[in-house]
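Right, one structure below, let's go through it.
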Amino acid sequence: MSLDPGGADAGRVLVVGDALVDEVDGSTIVGGAALNVAVGLARLGVPSRLVAMVGDDGAGRLVREHCQAHGVELVATPAPLGTAIARAERVGGTMHYAFNEAGMRRFVDLTGLERELRGAPLVVVSCLALEHEAQIAPLLALPRSRERLLIDPNARPGYLKAPGARERFAAGLDALAARALVVKVSDEDTELVFGEDAGETASRWLSAGTGAVAITRGPEGARIATASGWVDALVPQLAAPLADTIGAGDSVLAALTASVVSGDHAGGWAGPLERAMAVAAATTRVAGGLLQLPQQRDA
């Protein structure tokens, strides 16, 4: 499949998920996994639209300004508790997050957006409340979903503390994965949700109908599994020091989505995965989750 955002398949990639404000080391940074993907797509030259829960408050104003600055069309769904805020704590090379009530009780109300979901050339889901049946039902109803759906569960322990939440999240993720062109996960995701490593999860999903499973492994790189086998890619070594890992996984999903839009994945996933690793490496050299384009010498 090759989609031309400016041609016959005109339309923005629809990204559904979280948008929030990160409080990191005394600084306020607009982020959220889905927002990072939508902005990342725009920076890669792919028009995008973000559907996220955003309130009419100070944090929501920052989110709106950030989307506008990067050419992302924002569809703000109801936010009765305001905009989500995440307070990040740096633990070694990774970030741990504590969310306000709006973040903990996240739900992106897709009521009335059926036309947008059906009309988008691709639908990308990132950090969505998959434990709620009402959240995933509109996505399960998508026509031709196997060709159009990309998913990153972004499973976070703080979201899955309620009794039965993890089991419901696992069931929702399995249901969507079976209909997806690409699912991006990490070993941490699958250990938290399923109690198994990502290789085991990938095998299950491929048997259920998933097109490809991208597994990110931090500094060890990433691999993509399909029914025909595996491809691997390392993280490029860059001269610039590591700033943080915020947005690294989101940049991988954005880069892989851009490869689907251009049709580059049709010849195999090796090239798209190498480019995604180059984008991720560049992103980790700058503080915050904004996708960074690799310098020509580093690509």
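Throughout, read-outs are computed from the coordinates displayed, never taken from laboratory work. None of the values given here were measured: they were computed from a predicted structure. Quick reminder, even Gly has a Cβ in these numbers, built from the backbone with ideal geometry, and neighbours come from all protein chains shown.
Loop only per DSSP, at most 16 neighbouring Cβ atoms within 10 Å: give me the GluC sites (Glu not before Pro) in the range 107-210, ordered by residue number.
E196
Starting at 0 and stepping by 5 Å, how many percent of the alpha carbon pairs of the range 48-195 end up in each bin?
2, 9, 17, 21, 21, 18, 11, 2, 0
Quick one: the Cα spread of the range 79-146 along its three principal axes, in angstroms, biggest first?
43, 30, 19
Suppose every K and R has +1 on its Cβ and every D and E has -1 on its Cβ; what is the size of the dipole of the chain about the Cα centre, in Debye to the nearest 20?
460 debye
Counting pairs of alpha carbon atoms under 8 Å apart in space and at least six apart in sequence, what relative contact order in percent does the chain give?
17 percent
Through the Karplus equation 6.51 cos²θ - 1.76 cosθ + 1.60, θ set to phi - 60°, convert the phi angles of the range 276-289 into ³J(HN,Hα) values in whole Hz; use x for Gly and Pro.
Calculated HN-Hα couplings, in order: 4, 5, 5, 5, 4, 4, 5, 5, 6, 8, 10, 5, x, x Hz.
Once you have a ≥ b ≥ c as the square roots of the Cα gyration tensor eigenvalues for the range 13-283, tell me rounded if a/c is under 1.5, and otherwise prolate or oblate according to whether a/b is larger than b/c.
rounded
If you take the square roots of the eigenvalues of the alpha-carbon gyration tensor of the range 172-228 and sort them as a ≥ b ≥ c, do you get rounded (a/c under 1.5), prolate (a/b over b/c) or oblate?
Oblate.
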